[in-house]
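The values are calculated or read from the model by the stated rules, or taken from the named source; none is laboratory data. Because the structure is a prediction, the values reported are computed rather than measured. When we count neighbours, we look across all protein chains shown, and the Cβ atoms used for this are built from the backbone with ideal geometry, even at glycine. Side chains are part of the model used for accessible areas, which takes the heavy atoms of the whole protein and leaves out ligands, DNA and RNA. Shrake-Rupley method; radii C 1.70, N 1.55, O 1.52, S 1.80 Å.
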Protein chains: 2
Amino acid sequence: MIYEKEAQDIVNQRIDSYNYNLNPKGLYEPIRYILSMGGKRMRSVFTLLGCNLFDDDVSPAIDTAVGVEIFHNFTLLHDDIMDKAPMRRGMPTVHQKWNDNTAILSGDAMQIEAYRWMTKTPLHCLKPVLDLFSQTALQVCEGQQYDMDFESRSDVSLQEYINMIRLKTAVLMACSLQIGGWIGGAGDKDAHVLYDCGINLGLAFQLQDDLLDVYGSADLFGKKIGGDILCNKKTFLLILAFDKAQGETLRQLKFCTTTDTYGEQEKITIVRNIYNELNIRELCQIEIMRYYQDALQLIGELSCSQERTKPLRCFVETLMMREA
Amino acid sequence: MIYEKEAQDIVNQRIDSYNYNLNPKGLYEPIRYILSMGGKRMRSVFTLLGCNLFDDDVSPAIDTAVGVEIFHNFTLLHDDIMDKAPMRRGMPTVHQKWNDNTAILSGDAMQIEAYRWMTKTPLHCLKPVLDLFSQTALQVCEGQQYDMDFESRSDVSLQEYINMIRLKTAVLMACSLQIGGWIGGAGDKDAHVLYDCGINLGLAFQLQDDLLDVYGSADLFGKKIGGDILCNKKTFLLILAFDKAQGETLRQLKFCTTTDTYGEQEKITIVRNIYNELNIRELCQIEIMRYYQDALQLIGELSCSQERTKPLRCFVETLMMREA
């Protein structure tokens, strides 16, 4: 059986083995660039661990895992254009280093590359894998659209927010895990359990991101702390705070998120103090742990032995502890 | 057997039958909008006629044909952002009617939709169809990148230009035709002949576009005549003119395409006069006819009866005569 680190290495090796030094350079160089930035390769690790639950040999799942990973990196590339983000993983984003047109077109090519890799899925499950992948990829676009729609709305409910991150983040993790299971030979029941498990992991993961943006360590997190607060991003924390706040606190929170009165650090401090006063950090942590516990319980419901689920459980525990 | 018009109707019906009134509206409304603009549906017609060469029943090829058509419309959507084009088929482009972010994301979703339809290809040829489609889609991106690269170059050769339009335009027509053949049951030899035939048709079609931009009727063509001349686009005509021009004519052509001295209509007239002087129109028409003749000859090499190839030959003849 393989563990997270080994799965990550397998995926990185396969990605590196591919020759992206093709012409025209303007198309392929940005793809090489963003794929070489690294990252956790979480989604492809899910695919390999999902496969490994049912089959000792994960090799039939590697190309599919790479496909999922390339698709995820494509979404980052295009999201960065839409968000006008200058940096990603401590490096200039593609549209910043080149230009918007290059970022659009290279992203388009990456999406095709993702499908090209997905199409190497073993023939016996090619069609169901592609159907689930396409459905999922569309949902990721829907999530991104809702996320952008939320920017100009002030009445986003917690339920709407959870639905948005389910689409934008969780379904791709769920899909990665289920596809891995399918390739390994999982039956329908196990496949669905894996999907639900991935949804819970994805929701927990995104809520952690929201939390780390406010309470993380800048050194570990690799991003500026408080970024979401500065751009009034509707995160779980902010929506929850608006739900809980009353009287003077509510007035202060409204004022703070609708005016440009405060300096950057000052604004972050005020909003964080409101969060502290309302217990937002703890409430968010409770939600996160609930999703992780649900995921672990679902893993327990799989038809495979406790022993076989160990790498996946270890990976989930690593995610639970993450500070970056 | 079905002819162009019937094939077009079948594709349009299938496209219309699909419910694009989904949420979020910001994502799906632009897709519905660009698909409702119409167009010749050439690529999907190729797929259905290709299938019909070998099978009386084209129904197994319809979803695949729709997939190819949606992919083509996706490329138009994203190309329009990159070219900052305000109009398409007499209507505002998506990025103009909405905004760049909407156009990027809706385009991404369309590309996924294209694959979703392609995945409905009959299982017995699903993998080869998807492999050829992905290879082709990547080549289309390569063609678009070369086209953008050419904007800042003054030494583009005719050979480079033909290679660019082969990638940007011809390979998708070739792929559409070959895929249709495969679904109909074509053997390897016929499939390759269809591909080569599509390449010739695509090259002829694009050269016609270049020609119509200078010598077409604005009413019929639906675009402003002389648009390529105004933006110094490296078309077959301009590159050929630079190849042929000498002395004062060459000096005048260089001056005209590198300075902003002339008014719009004046510039178009000067360049067109140079083209006339150098016989560019006739030389281009000869090339176009050569490609069409090669395409017709390849159709003659197919293993099916003359009778069965009639709809495809008719379609090619319609294309030869086109003024729009």
**Request:** Just need the relative contact order of chain B here, percent rounded to a whole number, with Cα pairs under 8 Å and 6+ apart.
**Result:** 20 percent
**Message:** Using protein chains only and a probe of 1.4 angstrom, how many square angstrom of residue B:182 are accessible, to the nearest 10?
**Reply:** 60 Å²
**Asked** What's log10 of I(q)/I(0) for segment B:13-96 at q = 0.12, 0.15 Å⁻¹, Debye sum over Cα points only, no solvent?
**Response** -0.41, -0.61
**Item:** Debye intensity ratio in log₁₀ form over the Cα atoms of segment B:177-316, taken at each q of 0.14, 0.15, 0.20 Å⁻¹
**Value:** -0.72, -0.78, -1.08
**Request:** Starting from the residue with the highest accessible area, list A:119, A:261 in decreasing order, probe 1.4 Å.
**Result:** A:261, A:119
**Request:** List, in the order given, every pair from A:244/B:25; B:40/B:97; B:84/B:233; B:168/B:224; A:223/A:267 whose Cα-Cα distance in the structure shown is over 20 Å.
**Result:** A:244/B:25; B:40/B:97; B:168/B:224
**Asked** Dividing the alpha-carbon Rg of segment A:113-155 by 2.2 N^0.38 Å yields what?
**Response** 1.64
**log10 of Debye I(q)/I(0), alpha-carbon scatterers only, for segment B:84-136 at 0.17, 0.20, 0.28, 0.32 Å⁻¹** = -0.67, -0.75, -1.00, -1.15
**Request:** For segment B:33-78, count the residues as N, evaluate 2.2 N^0.38 Å, and divide the Cα radius of gyration by that value, please.
**Result:** 1.21
**Item:** Shortest-first nm distances, residue A:22 label point to equivalent points in other copies (7 Å, Cα→Cβ)
**Value:** 2.8
**Item:** nm² value of the averaged projected area, convex hull over the Cα atoms of the protein assembly as shown
**Value:** 30.9 nm²
**Lys, Arg +1 and Asp, Glu -1 on Cβ, resulting dipole of segment A:177-227 about Cα centre, debye, nearest 20** = 100 debye
**Asked** Taking only C-alpha pairs under 8 Å that are 6+ residues apart, what is the relative contact order of segment A:1-54 in percent?
**Response** 53 percent
**Prompt:** Relative to the Cα centre, what is the charge dipole magnitude of the protein assembly as shown, using +1 at the beta carbon of each Lys and Arg, -1 at the beta carbon of each Asp and Glu, and rounding to the nearest 20 debye?
**Reply:** 420 debye
**Message:** Is there a quick way to get the dipole size of segment A:50-163? I mean about its Cα centre, with the Cβ of Lys and Arg at +1 and of Asp and Glu at -1; what is the value in debye to the nearest 20?
**Reply:** 340 debye
**Spread of Cα-to-Cα distances over 5 Å intervals beginning at zero, given as percent, for segment A:234-290** = 4, 19, 31, 25, 13, 6, 2, 0
**At 1.567 mPa s and 4 °C, Stokes diffusion of segment B:166-211 via Kirkwood alpha-carbon radius, µm² per second** = 124 µm²/s
**Message:** Just want the answer: with Cβ charges of +1 for Lys and Arg and -1 for Asp and Glu, which residue in A:191, A:202, A:240 is farthest toward the dipole's positive end in segment A:178-324?
**Reply:** A:240
**Top of B:163, B:23, B:279 by mean-square fluctuation, Gaussian network on chain B, Cα under 10 Å** = B:23
**Complete:** Tilt, helix A:126-151 to longest principal axis of chain A (alpha-carbon atoms), in degrees rounded to tens, equals 10 degrees
**Item:** Within a Gaussian network of chain A (alpha carbon springs, distance under 10 Å), most fluctuating of A:152, A:59, A:134
**Value:** A:152
**Prompt:** Across 10 Å bins from the origin, how do the percents of Cα pairs in chain A run, short distances first?
**Reply:** 6, 25, 33, 24, 10, 2, 0
**Request:** Assuming 0.692 mPa s and 37 °C, estimate D for segment B:45-176 with Stokes-Einstein, Rh taken as the Kirkwood radius over Cα pairs, in µm²/s.
**Result:** 205 µm²/s
**Item:** Among B:130, B:231, B:101 - extreme Cα towards positive end, dipole of chain B, charges at beta-carbon
**Value:** B:101
